[in-house]
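Rule-based calculations on the coordinates, nothing more; no lab input. Everything numeric here is computed off the predicted structure, so don't read it as measured data. Every residue, glycine as well, gets a Cβ built from its backbone with ideal geometry; the counts of neighbours run over all protein chains shown.
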């Protein structure tokens, strides 16, 4: 009877999500590409016939290439040049009836050195791309191809040492031909720069144009788990004057888990490996430098991601790229504009969300457990509005259990209806307050922040006055799913600050397909107090059962 109560509660309170096979409640991205499973294989690739079958990948009379378990890396890079069509996609996929998505869940793999997609309408699905040649810089690259899908692969740098440069997945143009409408979804991408080289290295990169015409538009990065890379996801740019030859429009980054583990931690003073170190041989979680136009379809959208574990790049040793200060989600330069950041969870980093450039909307995000990990490094700030920037809107964000909440250097910024809980506060990094920077109708519970000023903001001395509930969520979608609970981070119907909603703009996300953005809150029907604790215990019980079932079915990971 007790277990039945747990199960009933979980289905009401699991973030309105489906329960994944690995355990945990995760909602599929609404932007996922539905890839049909082809009913037949035109070519079956095996270790014994690979010398002839791999050479058929660009045979226009064959469309579906199914790969049996084995190691094909000795055949080097494979190019996919011949295009399919919308009604007749071309497939390079692991040979199972369901495509075995994701590859991380299988005990057997089909290993490839690297893959380059130069054609259109390809699906690369269920493979293990795990280079071992140090000269392999890019593991899977889409060169000027359109409508390609990279789905459910394991892309792993564990065997790649001493290479000059690394990017796991690149979408870029080729001689002026852009890469448009490509999707990177449901992959596990891990273990970048194992030898700590002095280079930038990225899990997924949506590249700027190197030549005129290479705008690389409408690409998507969805529901991946990306860990231990320098930048987890980058919408890149290199120009200090923001005048790249081509700019990315309409990039969507949704539903990903992006994080660093102790494998990337180093001692700040020496650069030596240290699982408890306050610095890292890495940079940021999600790094955006794109400079698209202002119509809603062109904005960069960063939504529903979970990003955590980022630390300042060490300066004692040259590793992890040009350097960062431990941002979970950030502008990588002063260039990005027209960025929509909503309903993400940024945590356990030095800076939660850092906005720079112009015209950002930062709304409905949960930022928690932001603090310094080394006393000599950057002041921790949950939400940073950078100096020399302008035109930001920050509404309905919840900042919890953090050292410092807010910095206010940007001009023409509207910061309303945000909630701070258990955040002691400081003066940030001592920027000047931006021109026409307004903070109104924000609520602070057992919190203090000198940068949130104005007569309509309200401070409460007691955390309990918030009537907030704990907020629990799942992360690590494809590997070791785990629950994180954040004390008093969920707005309830009894929270005093709910009355502020009428003063703010719940329709901020409507142009981007998110018709309502409000305070961070649990789904309707979720109880408080003991029932919530009871449910969390039940979630752990079900998670263990899912893991036992997965082991019985022979799944790895």
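Could you list 462, 74, 447 in order of exposure, starting from the residue whose Cβ has the fewest other Cβ atoms within 10 Å?
Lowest to highest Cβ neighbour count: 462, 74, 447.
How far is helix 530-552 tilted, in degrees, relative to the longest principal axis of the Cα atoms in the chain, given as a value from 0 to 90 rounded to the nearest 10? The answer is roughly 10 degrees. For helix 2-13, report the angle its Cα long axis makes with the longest principal axis of the Cα atoms of the chain; keep it between 0 and 90° and round to the nearest 10°. The helix 2-13 is inclined about 90 degrees to the chain. Listed from fewest to most Cβ neighbours within 10 Å, the set 105, 264 follows the order 105, 264.
The helix-only estimate of mean residue ellipticity at 222 nm for the chain, built from DSSP H runs of length n ≥ 4 each weighted as -39500 (n - 2.57), is -2000 deg cm²/dmol after division by the residue total.
Which of 218, 161, 299, 360 comes first, and how do the rest follow, when ranked by fewest Cβ neighbours within 10 Å? Please list the in-between numbers first.
Details: 218 20, 161 13, 299 24, 360 29.
Ranked by crowding around the Cβ, least crowded first: 161, 218, 299, 360.
When the Cα gyration tensor is reduced to axis lengths a ≥ b ≥ c, the ratio a/c is 1.5 or higher for segment 305-422, and with a/b not above b/c it is classed as oblate.
Given R0 = 35 Å, the distance between the Cβ atoms of residue 464 and residue 296 translates into a calculated FRET efficiency of 0.30.
Just check segment 69-195 against the gyration tensor rule for me: Cα atoms, a ≥ b ≥ c as the square roots of the eigenvalues, rounded for a/c under 1.5, and otherwise prolate or oblate depending on whether a/b exceeds b/c. Present the calculation step by step, with values, prior to reporting the outcome.
Values: a/c = 1.82, a/b = 1.15, b/c = 1.58.
Because a/c hits 1.5 or more and a/b fails to exceed b/c, segment 69-195 counts as oblate.
Segment residue 27..residue 87, full-extension length gain: 18.8 nm, with 0.36 nm per residue of separation and the alpha-carbon distance subtracted. What do you get for Rg/Rh over the chain if you use C-alpha atoms and the Kirkwood form of Rh? Across the chain, the Cα-based Rg/Rh ratio is 0.97. With a Förster radius of 45 Å applied to the C-beta separation of residue 74 and residue 483, the computed FRET efficiency comes to 0.60.
Placing a label point 7 Å from the Cα of residue 42 along the Cα-to-Cβ line, the residues of segment 72-104 whose backbone N sits under 16 Å from it are 79-94. When DSSP beta bridges are limited to those with both residues in the chain, what percentage is antiparallel, rounded to the nearest 5? Within the chain, antiparallel bridges account for around 10 percent of the total. Computed on the chain, with alpha-carbon pairs under 8 angstrom and 6+ residues apart, the relative contact order is 10 percent. Full extension of the chain between residue 55 and residue 161 gives 35.4 nm of extra length, using 0.36 nm per residue less the Cα-Cα distance.
Subtracting the Cα-Cα distance of residue 240 and residue 263 from their residue separation scaled by 0.36 nm leaves 5.1 nm.
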